[in-house]
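Just below is one structure, and these are the notes that go with it.
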Amino acid sequence: MQSTMMEKLSFLYKPYVLAVLTIGYIAGELGHYLIGVTSKATAIELDYGDQACQQNHTDFLRHELPAQCAEFIIEHECHQQHINGTVYCEWNYNGLGLEYQLLAGPSFIAVFTVMGVVLGVAADRYNRVRMLFVCTLVFAIAILFQGTVKEYWHLILLRMVMAAGEAGCNPLATGIMSDIFPESKRALVMAIFNWGIYGGYGIAFPVGRYITKLDIGGLGWRVCYYGTGVLALIMAVLTGTTLREPERQSIGEDAAGKAKVNLWKVLLQPRVLLLMFAASIRHSGGMTFAYNADLYYNIYFPDVDLGWWLFAVTIGIGSIGVVVGGIVSDKFVAKMGIRSRVACLAVSQLLATPFAFGSVYFEPLWAMITLGISYFFAEMWFGIVFAVLVEIVPLQVRSTTIGVFLFVMNNIGGNLPILVDPLAKAIGYRGSVMFFYAGFYGISTLLFFVTMFFMDGPKPDASAATIGHDPTSHANHVEMGHENNTFQPDDYLPSPHSNGANGHRNIVSVRPSESSRL
C-alpha cells in the first residue's frame, strides 16, 4: 500500500528536487549579498570602515535642511547643524571604506572562484548529492555564525568559509538536474534554478533594511543572518535526507569520440580573449552596483525608503531581462551568425548605459525608473555571452573553457569594485559609483563592438550544403543545434562511423547552465 502511494506521488519528485536546490541557492545568495544592505549597521557595531557626516533625523526632508550633512567633512561642524535646536546630522560609520570593499568582494570572490573549479572537477567523480549536502551545510553554518561575530576579521573569515560552501551549489546542482530532467525541459529548469541569484540579491534589500530596523530581541542586523542561516540549514538537511544521486547520463558530445584539442590554443584566440575581457568589465559594473546600491541610495536619499523599489527592480525586471536576452539570442539572432549575436550584445549594453547613469544621477523617482530600464537591457548580456562562447570553442574543451572563462570573469569583475573606495576619496562617492557602474557598462559596449569584428559573419545558405544529400535529413541536422566548426584541430578527421561518409559532424545543442554574478 505504501509503495503504491509512493509510486503515485513519484511525479512530484523532480519538481521537489528543483524546489530544494533553488531555495538552497537563494539562501546562499541572500547570505552573499546581505552585507551590502546591513554594512552600515554592521560597521557601527564592529568599528570598521569610513566615518562621515550623515543625516540622522528622518522627520526632516532634504529640501527642508539649511545644509546637507554630506557637505561637512569635519566632525565638530557636523554636530553643529540643527533646525530650531534639533540636531539633524551625526558623525558615524557609513558602511563604506576599503574594509567594506574587501569584505564584499575579494574575501568572497577569491575563495569562490578557486573552490568552484575544484568542486566542479570533483563533481565528475564523486556523489554529488552528498557533496551538495556538505557544501550547503558549510555555508549555512558560516551564515549563522556571521550573526555572532564580535570582530571585523571574524566576518572576513566567515565570508571566505561561506564562499567555499556556496561555490559548489551551481556545478553540483547543475549536474544533478541535468541527469534528472529531460533535454526538452532542461533549459527551463536551469533558468528557474539560476533565478536564485536574483532572488537572493533582491530579497536582501527588504530583509537587510526592514528586519534590521525591527531590532528583534535587540539583535538588529544579526537576526538577518540567523534567519538566513536557519533557512539554509533546513535546505541542507532536506538535500542530504530526501534527495538521491541520479544515474549519470551521457549528454551531448560526451557520448561521442573526441579528437585532441590544445586548450591553450583555444583560450588564446583573440576573439576568446576579447570576449573574456569585455565580459569581465561588464561583470565589474554589475558587481559595483550590487555591492553599493543600498549604501548609495541611503547616503544620498536618507529620507526616502527605496527598499521595496530595489527589490522589485532587481527581481522582477532583472529576471525578465535575462529571459528576453535568451529569447533574442536564440530565436532571432541565432540564424544570423555569431557576429550578429555579439552585435546584439553590444547594442543591449549601449542601450543600458545612459539609463544606468540616470539611476545614480537623478532624484529617487527617476532614479528608479531609469534603473528599471537599464536593468531590462543590461541583464540580457549573460545568456548571449555564453551562447557566443559555446559556438566559438570546440566541443572537446567547451566545459573547461567555460570554467576558465568564469574564473577570470569573476575574479576581475568581483575584485575591481575594491577601487570604488580610493576613487571616491578623490572625486566623491557618487562619481566613483557612476564610473565603475555605468562607465564600465559603456566601456564593455566598446569592447563588445570591437570583439564583433573578430567573429564569423552569416553562414552560407544552408540549401547549398544539401546538394547531393537528403534535404529532410539535413534540416533535422540543422535544427538540433549550431554547427561548432569555427575552431577545428589540425589533425581532425571525420570518423567513418559518423553521420555517413559525407563528412558532416553530429551536432548537439548544449547550453551552459552557469550563474551570473550580476
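The values are calculated or read from the model by the stated rules, or taken from the named source; none is laboratory data. Worth saying up front: this structure is predicted, and the values here are computed from it rather than measured. Virtual Cβ from ideal backbone geometry, glycine too; neighbours counted across all protein chains shown. Each accessible area value is taken on the protein alone, full model and side chains, heavy atoms only, with ligands, DNA and RNA left out. Shrake-Rupley method; radii C 1.70, N 1.55, O 1.52, S 1.80 Å.
For the range 314-337, enumerate the residues that are modelled with pLDDT of 80 or more and open to solvent by 10 Å² or more (accessible area, probe 1.4 Å).
Answer for the range 314-337, where residues must be modelled with pLDDT of 80 or more and open to solvent by 10 Å² or more (accessible area, probe 1.4 Å): Ile315, Gly316, Ile317, Ile320.
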Item to check | Close pairs from the range 400-411: first among the aromatic types (Phe, Trp, Tyr), partner outside any helix (DSSP H, G or I) and open to solvent by 40 Å² or more (accessible area, probe 1.4 Å), Cβ under 7 Å, at least 6 apart | outcome: none
Checklist entry - Restricting the first residue to the range 193-214 and requiring it to be over 30 Å from Ile176 (Cα atoms) and part of a helix (DSSP H, G or I), which pairs with a second residue that is at pLDDT 90 or above and not hydrophobic (A, V, I, L, M, F, W, C) meet a Cβ separation below 6 Å and a spacing of at least six or different chains? => result Gly208/Thr38; Thr212/Thr38; Thr212/Gly220
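Take the residues in the range 420-444 that are free of Cβ contacts under 8 Å to residues at least 24 places away in the same chain and in a helix (DSSP H, G or I); name whichever of them is surrounded by the most Cβ atoms within 10 Å (Cβ to Cβ). Give the steps one after another, and end with the answer.
The first filter runs over the range 420-444 and keeps only residues free of Cβ contacts under 8 Å to residues at least 24 places away in the same chain, leaving 423, 425-428, 431-432, 435.
Right, trim to in a helix (DSSP H, G or I) and you get 423, 425-427, 431-432, 435.
Details: Leu423: 15, Lys425: 12, Ala426: 8, Ile427: 11, Gly431: 14, Ser432: 25, Phe435: 20.
Filtering first and then ranking leaves Ser432.
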Checklist entry - Does the range 51-73 hold any residues that are in a loop (DSSP other than H, G, I, E, B), modelled with pLDDT of 85 or more and either loosely packed, with under 14 Cβ neighbours inside 10 Å or in the same structural domain as Ile427 (by the TED database) (or both), and which are they? => result Pro66, Ala67, Ile73
Next on the checklist: When you scan the range 368-386, do you find a residue that is at pLDDT below 80 and of a type outside the set (Phe, Trp, Tyr), even just one?
Outcome noted: yes
Checklist outcome for this item: Subset of the range 118-174, residues buried (at least 22 other Cβ atoms within 10 Å of the Cβ) and among the β-branched types (Val, Ile, Thr), comes to Thr136, Ile143, Thr174
Checklist entry - Within the range 132-174, how many residues turn out to be closer than 22 Å to Val117 by Cα and of a type in the set (Asp, Glu)? => result 1
Next on the checklist: Can you tell me how many residues within the range 357-388 are in contact with a Ser or Thr (Cβ under 8 Å, 6 or more places away or on another chain), farther than 17 Å from Val322 by Cβ, among the aliphatic types (A, V, I, L, M) and crowded, with 22+ Cβ neighbours inside 10 Å?
Outcome noted: 0
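Can you name every residue in the range 1-36 that is β-branched (Val, Ile, Thr) and either modelled with pLDDT under 85 or over 25 Å from Val134 (Cα atoms) (or both)?
Listed by number, the list holds a single entry, Thr4.
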